[in-house]
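The values are calculated or read from the model by the stated rules, or taken from the named source; none is laboratory data. Given the structure is predicted, the values throughout are model-derived calculations rather than measurements. Because the Cβ atoms are built from the backbone with ideal geometry, glycine has one as well, and the counts that use them run over all protein chains shown. When the accessible area is computed, the model is the full protein with side chains, heavy atoms only, and any ligands, DNA or RNA have been set aside. Shrake-Rupley method; radii C 1.70, N 1.55, O 1.52, S 1.80 Å.
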Amino acid sequence: MSDAVLDKQVKTQKTRKRRVDPEIGVSLSWKTLKMQKQLIFMSVPIAIYLIIFNYAPIWGWLMAFQNYRPALPFGKQEWVGLQQFQFLFSDETFMMVLRNTIAMSFINLVLGTVTAIGLALLLNEIKAKFFKRIVQSISYLPHFLSWVIAAGIVATSLSIDDGIVNIILMKLHLIKEPIMWLSEGKYFWGIIGASNVWKEVGWGTIIYLAAITSIDPSLYEAASMDGAKRFQKMRYVTLPGIKATFVILLIMNIGHILDAGFELQYLLGNGLTVDWSQTIDIFVVKYGIAMGNYSLATAAGIFKTIVSVILVFIANYIAKRLGEERLV
Amino acid sequence: MHKTAKRSTRALAAGTFALALALTGCSSNNTNNANSNTANGGNASPAANAGNASPAANGDDNAPVTFSVFLASPGQTPTEDNKILKLIKEKTGVSFKTELLVGDLQQKLGVMIAGGDYPDIMSGDDKLLNAKAYIPLEDLIEKYAPNLKKHYAAVWNQIKDETDGHIYVLPSYGVYQGKITEPTYQGPGFWLQKAVLEEMGYPTPKTLDEYFDIIAKYKAKHPDMIGFESLNFDWRVFPLQNAPEHLAGHPNDGGVIVDNNKAQIFADKDISKTYYKKLNEINAQGLMDKEAFVQNYDQYLAKIASGKVIGMFDQHWNFQDGETSLISQGKIENTYIGFPLLYPGAEEWYRDRGAVGTNRGLGISINAKDPVRIIKFLDQMITEDWQKTLQWGIKGEDYEVKEDGMFYRTPEQRANADQTSWQLANKITTMFGYMPKIQGTYSDGNAADAGTQPQEFFDSLKPYDQKILKAYNKKTWSEFFKEPKENYIYFPAYSIVLKDGSAAKLAQSKLNDLQVKYLPKAIMASPDEFEGVWQDYVDRIHKLDIKAYEDRINEGIQQRIENWSVK
């Protein structure tokens, strides 16, 4: 650590004379620009692409401050200030969907990460290549199903008629009569979390497995020399080895904390569980898009974006303070 | 070596630059298009423009042309060499590029509206109406479409848009001529399986008690069966929500009942409470399907198709796919007959005279290049000859004519007509569903289509169905219901447009949310908890701005009484 700091200091001292930006490490003179014109030219299309598809649409955010009516020219739209936001935050349903979104997202995040890392650790220990491949293939195949199909499978296996979950629980004498899993709000978050794990665990594992393969084998050898056993090697070599990957992924996922999903909740939710199943996205579709209230939908979208950006920066800052890898 | 490298980088740079230009160029083009669309949409009289801009108006009427069409229903596209499409192309030069609905309608419409990206012809929709995506048609009809003018003459005022008095959409259903024959009943009812009725000695239930008594007795003998089924999914919530208004003797007005031209919601009234309390009781007896309120539409249909459901309240068209499946499995005895149950003292009004679906049909979009040609085409299609072709098929191939001039089908032709694959090659079912059509009878006395020709209907039935009908001493399924009364002028109230984003629409939406949530709760509660849940539900309804909703409906009713009356 101190070496790195020293390095940096030396660099800044050196560069001060050459008027180099310490962060980028390159002088920002016309001369360098000219020298790197190929690079600059190559980045132009990307920049234009970003401007057109990622920045120009921000213009549409103005909709959130209007009572937007489609097909009316811009000048004729009615401006309503923060009314849409006021409606959002004064609506008790919105507070409920916000709670649901964050809760389900959090469950997905924790369960998803823990199971993915767990599976990656276990798979890494398996020496039989063939078996390892089969496990991996089986675990990531559900990722390629659409949620519509996946929700059908989930609903069928939870059915009281001949759903596999109820059958197994009955056979194990854990329950006396079939439970209507989808009719009780208290089960809903758990079902969503479990479904997500089932569908995505194999996919999430891939990146951790990749990170594990990049760990220097000599570390394991050294650990063995020091007398480390299997679990100790996992604990003291593998886990720290994938810490950077974990932190980066965590920061990125925290940006999506308000995207708890739409399809699964929409397809599995029903009148009885609506208080637990409705997410922001469903709310936006129901009260925004479906009712032609595009302004409200935009306002909710802006809210989501702003919260996400703030969360990412907070996570990033914490990671920086803890001396971890970080995104920005 | 050095030189070539330099040249290639230069080429690369030039290439990227060109790409960048192309990208920006494209985007500005698109904006221009969008602008011109919106400008056109804002224009009050695009019909006039359309008239001028149409080259075919004075040219060859049968020149080949292709119309792009969007239909808001999922379905299967007719085959490439579809018989009818071929004939249309041959006789009129018109062919279609049809887009059927895939996925969610609202989402699709949102995308269409946002991009101003409309095909020439679109099925009618409130959302598209609000976005001013259609051109007014009345001038075009007056000028170019005498047959359509004649067809819609009786409802001319009624099919005008309530907000600005233009005709945007040509309704597909509800315009009758001649005699109304309707052997199959598509509307709401309390349904029971034919096998159940047969075993119980052909009873005719008249009240809720008699109806559930039949179910209870049958289920006692056949415990595997599902007693009473319902559905509470997505927009298909009417099987759960609509029964009270029918039980109380009102026609299907949607979320409101209307007395003396005054509408009010019935969700919180006693007629509702009585019904849901009854459902609560039968749920306690184990007659209600436990999964009824957590299942989706596909699961609902699958249950019906399994033949295990004894009865349900629903509109026939809503579960018909399940019945179709039963028939194709050869389980005709598991299909259903509907009964009009009533509260004591109520007068039956289940069957209604289908009102003109004012915004269900076809409209011409503001993007259409040649509206005159389209309206001329539709005008041709409403002539009796074409209608017979579209509805019955081709004489000698799809139907025969008796000596007295009546149409009939041979058993083989009937069998064909039931097959989906045959339909795809020989009919244009989905598209025709949205086209203006003759209902009732033609001038030669034949019914509009094979399904409504009474003798043809009875003959087409399987022997089992004929036996059941004979046992009840009836000839058609709709005879289980009383002849419909004359419609009120405003009928039906559910088609009154609630403006997007208005307080009325919000209240309606919130009311629906409450019903979706609380009705299952109330039904599944233990009987002694029912009162509490119901009270909670009613209290919450009263917190909503129900008045805005009712006021808007009443306003619509008054407008209709003023504007639709035949003067």
Diffusion coefficient, µm² s⁻¹, Stokes-Einstein with Kirkwood Rh over alpha-carbon pairs of the stretch B:133-285 at 25 °C and 0.890 mPa s | 125 µm²/s
Using the Cα gyration tensor of the stretch B:457-567, with a ≥ b ≥ c the square roots of its eigenvalues, what is the shape: rounded (a/c below 1.5), prolate (a/b larger than b/c) or oblate (neither)?
-> oblate
Compute the separation of the alpha-carbon centres of the stretch B:372-393 and the stretch B:101-134 and state it in Å as a whole number.
-> 25 Å
For B:Lys462, list the lysines whose Cα falls under 17 Å from its own Cα; do not include residues on the same chain fewer than 8 positions away.
-> B:Lys194, B:Lys331, B:Lys470, B:Lys474, B:Lys475
Diffing the stretch B:326-339: the Karplus 3J(HN,Hα) column from phi (6.51, -1.76, 1.60, θ = phi - 60°), in whole Hz with x for Gly and Pro, holds 4, 5, 5, 7, x, 9, 5, 5, 8, 7, 10, 10, x, 10
Residues with amide H under 5 Å of B:Ser95's amide H, sequence separation 5 or more or different chain, H placed in the peptide plane at 1.01 Å from N; which?
-> B:Val65, B:Thr66, B:Phe67
For the stretch A:192-281, with all protein chains present and a 1.4 Å probe, just round the carbon and sulfur fraction of the accessible area to a whole percent.
-> 65 percent
Near-label residues of the stretch A:279-320 by backbone N, under 12 Å of a point 7 Å along Cα→Cβ of A:Phe89 = A:303
The stretch A:78-214, accessible area per residue, ligands and nucleic acids excluded (1.4 Å, Å²) | 55 Å²
GNM top mover of A:Gln38, A:Gln136, A:Gln278 - chain A, alpha-carbon springs below 10 Å = A:Gln38
Using Cα atoms only, what is the angle between the long axis of helix B:530-543 and the major principal axis of chain B, expressed in degrees (0 to 90) to the nearest 10?
-> 40 degrees
Would you work out what percent of the accessible area of the stretch A:70-154, with all protein chains in place, is carbon or sulfur (probe 1.4 Å)?
-> 72 percent
Say a paramagnetic label sat at a point 7 Å from the Cα of A:Ala56, along Cα to Cβ; which residues of the stretch B:106-134 have their backbone N under 12 Å from it?
-> none
So which residues in the stretch B:502-546 end up with at least 50 square angstrom less accessible surface once the other protein chains are there, compared with the chain by itself, probe 1.4 angstrom?
-> B:Leu506, B:Lys510, B:Asp513, B:Lys517
Between rounded, prolate and oblate, where does the stretch B:358-428 land on the alpha carbon gyration tensor, with a ≥ b ≥ c its root eigenvalues, rounded for a/c under 1.5, else prolate if a/b exceeds b/c?
-> prolate
Working with all protein chains in place, sort B:Tyr176, B:Tyr343 by solvent-accessible area computed with a 1.4 Å probe, largest first.
-> B:Tyr176, B:Tyr343
Summed buried accessible area for A+B [probe radius 1.4 Å, Å², rounded to 100] = 3000 Å²
Placing +1 on each Lys and Arg Cβ and -1 on each Asp and Glu Cβ in the stretch A:34-153, then taking the dipole about the Cα centre, the residue among A:Leu123, A:Tyr55, A:Ile102 whose Cα reaches farthest towards the positive end is A:Leu123
So which lysines pass the test for B:Lys150, namely a Cα distance under 19 Å, with those fewer than 8 places away in the same chain ruled out?
-> B:Lys160, B:Lys179, B:Lys376, B:Lys388, B:Lys437, B:Lys567
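Using Cα pairs closer than 8 Å and at least 6 residues apart in sequence, work out the relative contact order for the stretch B:326-425, in percent.
Answer for the stretch B:326-425 is 8 percent.
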Simple SL model, points at 7 angstrom along Cα→Cβ for B:Lys91 and A:Arg230; separation in nm is 7.9 nm
For the stretch A:47-165, calculate the relative contact order in percent as a whole number, restricting contacts to Cα pairs under 8 Å that are 6 or more residues apart.
-> 10 percent
Going residue by residue through the stretch A:107-116, the Karplus relation 6.51 cos²θ - 1.76 cosθ + 1.60 with θ = phi - 60° gives ³J(HN,Hα) values, rounded to whole Hz and with x marking Gly or Pro, of 4, 4, 5, 5, 4, x, 5, 4, 5, 5
Would you pull out the residues with amide H under 5 Å of B:Glu400's amide H, same chain only if 5 or more places away, H placed 1.01 Å from N?
-> B:Tyr408, B:Arg409, B:Thr410
The simple spin-label model distance between A:Val44 and A:Ala194, using points 7 Å out along Cα→Cβ, in nm, is 5.8 nm
Hand me the tally of lysine pairs in the stretch B:233-314: alpha carbons under 24 angstrom apart, and the pair either on different chains or 8 or more positions apart.
-> 10
With the 8 Å Cα cutoff and a minimum separation of six or more residues, the stretch B:296-366 has a relative contact order in percent of 22 percent
Net charge of Cβ neighbours under 12 Å - reference B:Ile337; Lys, Arg +1; Asp, Glu -1 | -3
Using alpha carbon centroids, what distance separates the stretch A:275-290 and the stretch A:86-127, in Å?
-> 18 Å
If you plug each phi of the stretch B:556-564 into the Karplus form 6.51 cos²θ - 1.76 cosθ + 1.60 with θ = phi - 60°, what whole-Hz ³J(HN,Hα) values come out, in order, with x for Gly and Pro?
-> x, 4, 4, 4, 5, 4, 5, 8, 8
Measuring with a 1.4 Å probe in the full set of protein chains, what accessible area per residue, in whole Å², belongs to the stretch B:497-567?
-> 49 Å²
Identify, among B:Leu544, B:Pro454, B:Gln515, the residue whose Cα sits farthest towards the positive end of the charge dipole of the stretch B:413-562, taking +1 on the Cβ of Lys and Arg and -1 on the Cβ of Asp and Glu, with the dipole about the Cα centre.
-> B:Pro454
Whole number in Å², please: accessible area per residue of the stretch B:131-245, 1.4 Å probe, ligands, DNA and RNA not counted.
-> 40 Å²
Under the Kirkwood approximation applied to all pairs of distinct alpha-carbon atoms, what is the hydrodynamic radius of the stretch A:211-256 in Å?
-> 11.5 Å
Please name the residues of the stretch B:273-294 whose accessible area, counted over protein heavy atoms with a 1.4 angstrom probe, falls by no less than 10 Å² between the chain alone and the full protein assembly.
-> B:Lys290, B:Glu291, B:Phe293, B:Val294
What accessible surface, in Å², does a 1.4 Å probe find on B:Glu412, ignoring ligands, DNA and RNA and rounding to the nearest 10?
-> 130 Å²
List every residue whose amide H lies under 5 Å from the amide H of B:Gly311, counting only residues 5 or more places away in sequence or on a different chain, with H placed 1.01 Å from N in the peptide plane.
-> B:Glu229
The extension gain from B:Lys547 to B:Ser328, computed as 0.36 nm times the residue separation minus the Cα-Cα distance, is 74.0 nm
List B:Val372, B:Val102, A:Val114, ordered by accessible area with a 1.4 Å probe, largest first = B:Val102, A:Val114, B:Val372
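As a test of the formula, what do you get for the protein assembly as shown when each DSSP H run with n ≥ 4 contributes -39,500 (n - 2.57) and the sum is divided by the residue count, at 222 nm and rounded to the nearest 500 deg cm²/dmol?
-16500 deg cm²/dmol
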List the residues of the stretch B:119-162 whose accessible area drops by at least 40 Å² when all protein chains are present, compared with their chain alone, using a 1.4 Å probe and counting only protein heavy atoms.
-> B:Lys127
Where does the charge balance sit around B:His250 when Lys and Arg score +1, Asp and Glu -1, over other residues with C-beta under 13 Å from its C-beta?
-> -2
Solvent exposure ordering (accessible area, 1.4 Å, most first) of B:Ile489, B:Ile271 = B:Ile489, B:Ile271
Protein accessible area in chain B, 1.4 Å probe - carbon and sulfur % = 52 percent
Roughly what % of DSSP beta bridges within the protein assembly as shown run antiparallel, to the nearest 5?
-> 60 percent
